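Colleague: Here it is: the structure, laid out below.
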Amino acid sequence: MDKEQREARAKSLLSDELFNEAFDTLAKDIMDAWDHTGVHDTEARENLWLSLRLLERIRLHLTSIVETGEMAKKLEEYQL
């Protein structure tokens with residue numbers, strides 16, 4: 001898959017309603033689970049925190065692909 005295809009695919013995913021709903025639902029479920037951990041259940045809270053960070057990193061990775069593609073296009077236009 002070339003860079004333009006990756007950018008288009010990432011942009012499509014980030015604008016997909018079901019994709020975003022899945023991310024939002026997962027984040028909410030993780031936060032709900034975090035809220036219901038016991039006072040001394042540090043390990044569970046740490047695992048839930050890591051889950052939230054991973055979820056954010058996936059979305060940020062896709063956003064980065066889109067932004068990098070857009071910057072490359074602007075640089076090409078500027079150089080012409």
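Just so it is clear, none of the values below were taken in a lab; they were calculated from the coordinates. Since the model is a prediction, treat every value here as computed from it, not as a measurement.
Colleague: Write down, largest first, the equivalent ellipsoid semi-axes of the chain in whole Å, where each equals the square root of 5 times an eigenvalue of the alpha-carbon gyration tensor.
Modeller: 36, 13, 8
Colleague: Divide by every residue of the chain the summed helix terms, -39500 (n - 2.57) for each DSSP H run of at least 4, and state the resulting mean residue ellipticity at 222 nm, rounded to the nearest 500 deg cm²/dmol.
Modeller: Calculated from helices alone, the mean residue ellipticity at 222 nm is -31000 deg cm²/dmol.
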